[in-house]
Amino acid sequence: MKRTLFTFGLLMILISSSILFFQWMGFTTESAEESGAVKVNQSYSITHEENTFFVTQTLHFLSTIPKQITIQWPSDAKDFSCVNDRGDKCLTKENGEFQLSNLYKDLKEITITYSFEQQTKTEGMLVKDWHPALSSIETLNTDIHITEKSLRTGKWVAGYKSASHKKKNYIDYYSFIGRGEPSALYWTGNPLMEKASSTVRMLYDRTDIKEAEAVQPGSFEGFVTVIITDKIQHYVSPYLIVRNTADMELLNELKGSLLYQQYFSTDEEAWLKEFIVSILLGKQPHTSKSAWAYKEVMEGLTSSQLDAFKRRMEEDKTKTVDATKLDMILGKVTGFDSTFFTESVNGKENVPMILKSNNPVLLNKNSHNLSYILYKQKELIQFPQAVSALGLDIQEIKPNVFFTSLNGNTFRFYVNEDYFIYNEENYGLLTNPIQTVGGSIYMDVHWFEKLFKVEVMNKEASNRDDERT
């Protein structure tokens, strides 16, 4: 009887353990799926006739389907449609945002169609920003096929290494295959001379470009096409570069493009890769979103913090780039919490890099719940609340003018001005002691300590000092 009870109990334990195990596996699998990007291969079929480009885009899903995909169309795109591999329509619009719908577990493909217009220029024409950006999607490989019905003399060029051209009776057919997201496209009506290596194809339409001027970027992986021409303006992208000279600046641009190709991100966060490359090379980015982030980080971090930021990116062997990771790295090297990249990715334009401490602030070892931030390499404390926390009376005697006194000495502070008045004497400074940041008023901690004879300690920042190296 005891043996039977023991066997029964052991059986129940095994069954319960199995149930818990599979529940846990389901939970962890779902969590992993939700947290990572969905890998896809993409193919584009483009028909060009007169000034119109008709595009059919096919997504081939290689991993689990995300619960939601948002789509940002090119600025001039129109005539949108989408069907999944069951033939169901899969494009909706909610709160002004386009989304792909009818996504199911065994989905293999989605086909998207749209069109856009661009004025045809037969001597030289650059087609850029022509494809939509999709959330939660990481493109591994891209095929681009162009059917040309109008421009029969000349050729199309893309940035990829693999390229082919077939001339038929009524159309020209082009095929380009490469790694990563879609390349910009270039049309030239003039014959191009070519010099190529394992990583760079240089095309030029002038005889004054000597072969010796072909610039090689060293031991980088990937592939970039460079077009030397006077027909269009200077353009730099991860796969295609257009310049009017082959000088040493081209070498830096080649390194940047090839370095970009070593990193991975979702398509909608691809600008973060350009930002990282710019930080590592110390070079201004070309696109507006990454240029803004570059400016904010360069102005917001000290040289030692910037060095630590670079080092952490260089030491990251995964080469994956996302907003959450970059915010965490900012927190590690500064001691403050960051949402800068997350907010920027979520659609906000020109977000200021304001890093915050979420822990209480100590004023003369007394704890207070005051906003404490890092902005433009300066630590700032909430004003006038910090003055009130010292037990002092402070008044806004007129808009953006504050008056208080300490031990018989009077202070008058002016928001966003580089001076203050102490005992009715004007003291000019090199910086603003009081300023507006993110819609709130803050005081430079250095001046707060000096003027009010107080010791300020940011617990969160001081606890992380050892992580800044």
Selection within segment 141-171 - under 30 Å from Phe61 (Cβ atoms) and either of a type in the set (Gly, Ala, Ser) or not in a strand (DSSP E or B) (or both): Ala158, Gly159, Tyr160, Lys161, Ser162, Ala163, Ser164
From the list Thr153, Thr120, pick out the single residue that is open to solvent by less than 60 Å² (accessible area, probe 1.4 Å), modelled with pLDDT under 95, among the hydroxyl-bearing types (Ser, Thr, Tyr) and out of contact with any His (no Cβ under 7 Å at 6 or more places or on another chain). Thr120
Between residues in segment 87-104 that are open to solvent by less than 60 Å² (accessible area, probe 1.4 Å) and residues that are among the β-branched types (Val, Ile, Thr) and outside any strand (DSSP E or B), which pairs lie under 9 Å by C-beta distance while being six or more apart or on different chains? Leu103/Ile65; Tyr104/Ile65
Scan segment 172-184 for residues that are outside any loop (DSSP other than H, G, I, E, B) and either without any contact (Cβ under 8 Å) to a residue 60 or more places away in the chain or more than 23 Å from the chain's Cα centre (by Cα) (or both) and jot them down. Asp172, Tyr173, Tyr174, Ser175, Phe176, Ile177
Filtering segment 319-357 down to residues that are farther than 26 Å from Gly439 by Cα and out of contact with any helix residue (DSSP H, G or I) (no Cβ under 9 Å at 6 or more places or on another chain) yields Lys319, Thr320
Failed item in (1) assigned to a strand (DSSP E or B); (2) open to solvent by less than 10 Å² (accessible area, probe 1.4 Å), with Glu379 passing the rest: (2)
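Would you mind finding the one in Gly331, Gly335 that is open to solvent by less than 40 Å² (accessible area, probe 1.4 Å) and touching a strand residue (DSSP E or B) at 6+ places or on another chain (Cβ under 7 Å)? First the steps, then the outcome.
Working: Gly335 fails: touching a strand residue (DSSP E or B) at 6+ places or on another chain (Cβ under 7 Å).
Step by step, each of Gly331, Gly335 is checked, and only Gly331 is open to solvent by less than 40 Å² (accessible area, probe 1.4 Å) and touching a strand residue (DSSP E or B) at 6+ places or on another chain (Cβ under 7 Å).
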Given the structure, is Ser162 at pLDDT below 95 and either over 23 Å from the mean Cα position of the chain (by Cα) or under 30 Å from Asn346 (Cβ atoms) (or both)? no
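Considering only segment 234-293, state which residues are in a loop (DSSP other than H, G, I, E, B) and either at positive phi or among the β-branched types (Val, Ile, Thr) (or both). Give the derivation first.
So in segment 234-293, the residues in a loop (DSSP other than H, G, I, E, B) come out as 234, 237-239, 244-247, 261-263, 265-266, 282-287.
Residues satisfying the conditions are Thr245, Thr266, Gly282, Thr287.
The values are calculated or read from the model by the stated rules, or taken from the named source; none is laboratory data. The structure presented is a predicted model; accordingly, all values stated were derived computationally and were not measured. Quick reminder, even Gly has a Cβ in these numbers, built from the backbone with ideal geometry, and neighbours come from all protein chains shown. Note: accessible area is taken over every heavy atom of the protein model, side chains too, but ligands, DNA and RNA are not part of it. Shrake-Rupley method; radii C 1.70, N 1.55, O 1.52, S 1.80 Å.
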